[in-house]
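For reference, the structure discussed in these notes is given below.
The values are calculated or read from the model by the stated rules, or taken from the named source; none is laboratory data. Remember, predicted model here, so these are calculated numbers, not experimental data. Using ideal geometry, Cβ is built from the backbone for each residue, glycine included, and neighbour counts are taken over all protein chains shown.
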Amino acid sequence: MIKKTVLDLNAGLGGRTYAFQKMGFEIVGVLDNDDENCKIIDSWLSSSRNPRCVDLLEIDPNMLPDADIITAKYIQRNAVVNGLKMSRNSLMA
């Protein structure tokens with residue numbers, strides 16, 4: 001049986017990643033912008049892929065691995081991406 005794959009963006013401490021891994025999913029990528037979070041995830045992640053400590057606003061989406069499921073938590077700070085103002089709970093033009 002082929003495992004379904006998961007990419008976790010803004011992983012935080014990795015709760016979603018951990019749950020998917022325990023359910024038998026293959027973790028193809030974990031991203032967070034906090035070095036401490038990445039160290040914690042790296043200490044238990046049973047994958048050949050280490051968490052990447054990057055800001056999602058600074059990464060090329062084409063460089064992300066393909067996945068059956070992409071999960072992410074909401075944006076926690078105000079940001080402007082391609083002229084769109086993104087806030088914690090909304091996306092505004």
Q. How many of the residues making up the range 8-64 are in contact with a strand residue (DSSP E or B) (Cβ under 7 Å, 6 or more places away or on another chain), not in a helix (DSSP H, G or I) and not charged (D, E, K, R)?
A. 18
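Conditions tested, residue by residue: (1) of a type outside the set (Lys, Arg); (2) touching a Gly at 6+ places or on another chain (Cβ under 8 Å); (3) surrounded by 14 or more Cβ atoms within 10 Å (Cβ to Cβ); (4) modelled with pLDDT of 85 or more.
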residue	(1), (2), (3), (4)
ASN33	yes, no, yes, yes
CYS38	yes, no, yes, yes
PRO51	yes, yes, yes, no
ASP60	yes, no, no, yes
ASP68	yes, no, no, yes
Q.
Can you pull out every residue in the range 1-49 that is within 17 Å of MET63 (Cβ to Cβ) and more than 12 Å from the chain's Cα centre (by Cα)?
A. THR5, ARG49
Q: Determine the pairs where a residue that is more than 12 Å from LEU7 (Cβ to Cβ), located within the range 45-57, has a partner that is in a loop (DSSP other than H, G, I, E, B) and modelled with pLDDT of 80 or more with Cβ atoms under 8 Å apart, the partner being 6 or more residues away or on another chain.
A: LEU45/GLY14; CYS53/ASN33; CYS53/ASP34; VAL54/ASN33; ASP55/ASN33
